[in-house]
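Structure, as structure tokens:
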Amino acid sequence: MTRARALADRLAAALADVVDPRAEAAAPEGRLRRIYEGLGVSGDLAFAELNPDGYDHVFVGPANAPGRRRFDFPAGRAALEARLVEAWPREKRGIRRFLDVITRVAADLAALMKGRPRDLAALPVLHPTLARWGLRSLRALLDATVADPALRAVLAVQSGDNGLPPSRVPVAVHAAVAAHYLDGGWYPVGGARSIPRAFIRRLRSLGGRISVRARVDRILLEEGRAAGVELADGTRVTAREVVSNADPAVTWGRLLRGRPLPWRVRRRLARSRWSVSNLSLFLAAEADGLGLDSGNRWWLASPDIEAVYPAAGVGSWMGDGGAPGEPPGLFLTDTTLKDPPVAAPRVHTLEAFTFVPWAPFARWADSRHGERPADYLAVKARLEAAMLAALDRAVPGLRERVVFHELATPLTNRWFCEATRGAMYGTEKTRWQVGPFAWPVRTPIPGLVQCGASTLGHGVMGATLSGLAAARALADCRTRDLLAAGGPPLRTVPAERPETWPADLPGRSRR
């Protein structure tokens, strides 16, 4: 194979492996529906459609400022384009071109996933939009299409789903998210836990066993082949194959400690760059009457969306030991309104997020959860107060109705998920860490495969596809062979009309 052909194949593979990281709130149609039904888990799952007139609400500019802009993302490409043009009529041509590029790139990605990798040297001819824009930055696409700062912020706000600013996220990665949401947003009935519960039920029905709160201490090797795992309590579980869903730095750095690593693995570890981290504020509040609905809310302090990300120097708002300022960006979800209980709720559960860098928290990395030092607790309390104040400006009256709040920091991610540097999304999804440049599912150790956020992609869809890829590698079969269970049709309901939900809906809460 010529060098040009090899490079073309690598490019095509990089683009074809881009996946949607926020599938847990995306329309459960197409590929995800086929997977759930094909694996036989669909009978234990249901999804609620978020407000179709605004599954994402975006606010650009300081709270209560005269020039503050609001935009509600409606379901449907035509509805979205019409609403964007109504809000920015002078940008009509650029809006249409931007959406055309996003949808065409997404369609080309779908076509690539169905094609044969060796046929992709003709990428520029078969998929010219993808060839032109796929690995260029989202900012380059914005520069070529629209000029209004608020409009640029609205079109780029969903880059929060991959943790990269427009200057660094490839158009293909952004398109995989933005195009997927053109038909609206959806949420699993019963919350995110309903998805693993459905898989656990299916696993047990097939005779499998699962253990929780069973920390794995290391991967066992025999004659250079994976042979099982040893738990923290010394229990050994033997197996012919091992699948690691752990962070690659954990898999290769802790679970295989003391073992000489292949040079390619050492080089990849040294070159890996980890995604942004975050503060997560979990709330319980008497939120009725505050104007919230099932749609997500994004707040940007200014149209400069680059300032939301640590790569652009965010972190200075945290105060460096003094009083924190206001987060440059916030995301809020009211999960009670996405997944309403049978009885009308008095107290809502809400979650708010903002991006932060790992560095300010690194000094406490060796401390234990529940035993953090006083200086960390003081910083955490100041950040929690700053987020509460920012949320109260965004949703006036919310603070006084809060009955419970707890802040999670990058250290929380590291403790509970063993996420390197507290990363939200595994490795950064830059152009050099997707596709053939991401961590491969197959490893140099026979019998060991890996999956999860740093392989094919992050989020529910990325993790699911990587799990299927791991199963294919171990079973030496095709995806269609794995998706032959023929589960019942996946059920869907409108989140805004819980009175229409059937009583036997899987996951329905009766709290």
Exercise for review: Could you tell me whether residue 316 is crowded, with 23+ Cβ neighbours inside 10 Å, among the polar types (S, T, N, Q) and not assigned by TED's automatic domain parsing to the domain that holds residue 161?
Suggested key: no
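Conditions (1) free of Cβ contacts under 8 Å to residues at least 40 places away in the same chain; (2) aromatic (Phe, Trp, Tyr); (3) touching a Pro at 6+ places or on another chain (Cβ under 8 Å); (4) buried (at least 19 other Cβ atoms within 10 Å of the Cβ), marked per residue:
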residue: 282; (1), (2), (3), (4): no, yes, no, no
residue: 292; (1), (2), (3), (4): no, no, no, yes
residue: 301; (1), (2), (3), (4): no, no, yes, yes
residue: 304; (1), (2), (3), (4): no, no, yes, no
residue: 324; (1), (2), (3), (4): no, no, no, yes
residue: 334; (1), (2), (3), (4): no, no, no, yes
residue: 338; (1), (2), (3), (4): no, no, no, yes
Review point. Checking residue 368 against (1) part of a loop (DSSP other than H, G, I, E, B); (2) touching a Pro at 6+ places or on another chain (Cβ under 7 Å), which single condition isn't satisfied?
Key: (2)
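Going through the stretch 123-182 one residue at a time, which ones are of a type in the set (D, E, K, R), surrounded by fewer than 21 Cβ atoms within 10 Å (Cβ to Cβ) and modelled with pLDDT under 95?
Here is the first cut: in the stretch 123-182, the ones of a type in the set (D, E, K, R) are 132, 136, 139, 143, 148, 152, 161, 168.
Filter once more, so that each one left must be surrounded by fewer than 21 Cβ atoms within 10 Å (Cβ to Cβ): 132, 136, 139, 143, 148.
Within the stretch 123-182, 132, 136 meet the criteria.
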Check your understanding: Restricting the first residue to the stretch 92-110 and requiring it to be touching a residue at least 24 places away in the same chain (Cβ under 8 Å), which pairs with a second residue that is in a helix (DSSP H, G or I) and surrounded by fewer than 18 Cβ atoms within 10 Å (Cβ to Cβ) meet a Cβ separation below 6 Å and a spacing of at least six or different chains?
Key -> 95/85
Revision key, fill the gap. Counting only helices (runs of 4 or more DSSP H) wholly inside the stretch 406-511, the ones holding at least 3 residues that are surrounded by fewer than 16 Cβ atoms within 10 Å (Cβ to Cβ) are 479-482
Practice item. Give the residues of the stretch 68-82 that are buried (at least 16 other Cβ atoms within 10 Å of the Cβ) and among the hydrophobic types (A, V, I, L, M, F, W, C), sorted by residue number. Key: 71, 73, 75, 80
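If you take the residues of the stretch 453-467 that are more than 19 Å from residue 277 (Cα to Cα), of a type in the set (A, V, I, L, M, F, W, C) and in contact with a helix residue (DSSP H, G or I) (Cβ under 7 Å, 6 or more places away or on another chain), which of them is modelled with the lowest pLDDT? First the steps, then the outcome.
As a first pass, look at the stretch 453-467 and keep what is more than 19 Å from residue 277 (Cα to Cα): 456, 461, 464-467.
Keeping just the survivors that are of a type in the set (A, V, I, L, M, F, W, C) gives 456, 461, 465.
Checking the rest, the ones that are also in contact with a helix residue (DSSP H, G or I) (Cβ under 7 Å, 6 or more places away or on another chain) come to 456, 461.
Values: 456: 84, 461: 81.
Within the stretch 453-467, the match that is modelled with the lowest pLDDT is 461.
If you check 163, 191, which single one turns out to be touching a strand residue (DSSP E or B) at 6+ places or on another chain (Cβ under 8 Å), in a loop (DSSP other than H, G, I, E, B) and closer than 30 Å to residue 490 by Cβ? It would help to see each step written out before you state the result.
Details: 191 fails: touching a strand residue (DSSP E or B) at 6+ places or on another chain (Cβ under 8 Å).
Criteria check complete, one pass: 163.
Output the residues belonging to the stretch 379-400 that are outside any helix (DSSP H, G or I) and small (Gly, Ala, Ser). Let's see the steps before the verdict.
Our first condition is that a residue be outside any helix (DSSP H, G or I); within the stretch 379-400, this holds for 395-398.
Once the filter is applied, which keeps residues that are outside any helix (DSSP H, G or I) and small (Gly, Ala, Ser), the stretch 379-400 yields only 397.
Looking for something of a type in the set (Lys, Arg), touching a strand residue (DSSP E or B) at 6+ places or on another chain (Cβ under 7 Å) and touching a residue at least 24 places away in the same chain (Cβ under 8 Å) - is there at least one such residue anywhere in the stretch 366-377? Quick ask: steps written out before the conclusion?
Going residue by residue through the stretch 366-377, those that are of a type in the set (Lys, Arg) are 368, 372.
Still in the list and also touching a strand residue (DSSP E or B) at 6+ places or on another chain (Cβ under 7 Å): none.
Taking every residue of the stretch 366-377 in turn, none turns out to be of a type in the set (Lys, Arg), touching a strand residue (DSSP E or B) at 6+ places or on another chain (Cβ under 7 Å) and touching a residue at least 24 places away in the same chain (Cβ under 8 Å).
Kindly evaluate residue 352 against the criterion of being assigned to a loop (DSSP other than H, G, I, E, B), under 30 Å from residue 497 (Cβ atoms) and not polar (S, T, N, Q).
Numbers: assigned to a loop (DSSP other than H, G, I, E, B): no; under 30 Å from residue 497 (Cβ atoms): yes; not polar (S, T, N, Q): yes.
The answer is no for residue 352.
The values are calculated or read from the model by the stated rules, or taken from the named source; none is laboratory data. Because the structure is predicted, anything quoted here is derived from the model rather than measured. Every residue, glycine among them, receives a Cβ derived from its backbone with ideal geometry; neighbour counts consider all protein chains shown.
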